[in-house]
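> Once you've had a glance at the structure underneath, I'll fire off some questions.
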Amino acid sequence: MTNSEKLILTSITYLGVKENPIGWDENIQRWIKASCQSLGIADPMDDSSFAWCACFISNMLIEAQIWTPNTKHIVAARSFLKSLQPVTVPLLGDLVILERGPANGHIGIFINQTKTTYKLLSGNSGDSVSINDFQKSRTLGLRRI
């Protein structure tokens, strides 16, 4: 099984995990905590505006046994641009990094595409783990695992 297949099969099991009115789901809490601990940074559990898409991807890479458990997590989507292999044409399971304002980003797992959009499996999209379409015009980079 390829790393891309492992990543998709692991990630898809969390489809539907979402934030709720009283705070993050226990899975989201676990992903954020593990990511922050790996980097030695404060846990933002009281900040509901924390973007956890990169925490989701980091944890899925570890859970799928692509990264080792002691790998330092990435908690900012744009930071994935500094790692992994850049590609110009995405394949199933590649990572797509998108802009979200001048300094922020979003990251998801490539599923398929149309002429103008990518269909991505990602965390923190609509406050949940979901599959949604994103405009290609927002693309900052594509990375292969």
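> Kindly indicate whether any position in region 75-84 is among the β-branched types (Val, Ile, Thr), surrounded by 15 or more Cβ atoms within 10 Å (Cβ to Cβ) and in contact with a strand residue (DSSP E or B) (Cβ under 9 Å, 6 or more places away or on another chain).
There is no residue in region 75-84 that is among the β-branched types (Val, Ile, Thr), surrounded by 15 or more Cβ atoms within 10 Å (Cβ to Cβ) and in contact with a strand residue (DSSP E or B) (Cβ under 9 Å, 6 or more places away or on another chain).
> Then there's this: If we keep just the residues of region 58-91 that are hydroxyl-bearing (Ser, Thr, Tyr) and within 15 Å of CYS36 (Cβ to Cβ), which is farthest from the chain's Cα centre (by Cα)?
THR71
> With out of contact with any helix residue (DSSP H, G or I) (no Cβ under 9 Å at 6 or more places or on another chain) and surrounded by 19 or more Cβ atoms within 10 Å (Cβ to Cβ) as the only criterion, which of SER4, SER11, SER58, SER35 stands out? Talk me through it step by step, then tell me what you get.
Values: SER11 fails: out of contact with any helix residue (DSSP H, G or I) (no Cβ under 9 Å at 6 or more places or on another chain); SER58 fails: out of contact with any helix residue (DSSP H, G or I) (no Cβ under 9 Å at 6 or more places or on another chain); SER35 fails: out of contact with any helix residue (DSSP H, G or I) (no Cβ under 9 Å at 6 or more places or on another chain).
Going through SER4, SER11, SER58, SER35 in turn, just one is out of contact with any helix residue (DSSP H, G or I) (no Cβ under 9 Å at 6 or more places or on another chain) and surrounded by 19 or more Cβ atoms within 10 Å (Cβ to Cβ): SER4.
> Does GLN113 qualify as being of a type in the set (S, T, N, Q) and free of Cβ contacts under 8 Å to residues at least 24 places away in the same chain?
For GLN113, the condition - of a type in the set (S, T, N, Q) and free of Cβ contacts under 8 Å to residues at least 24 places away in the same chain - is met.
Computed from the coordinates by the stated procedures, all read-outs in this text should not be read as laboratory data. Since this is a predicted model, take the numbers as computed values, not measurements. Neighbour counts are summed over all protein chains in view; Cβ atoms, including those assigned to glycine, are modelled from backbone coordinates with ideal geometry.
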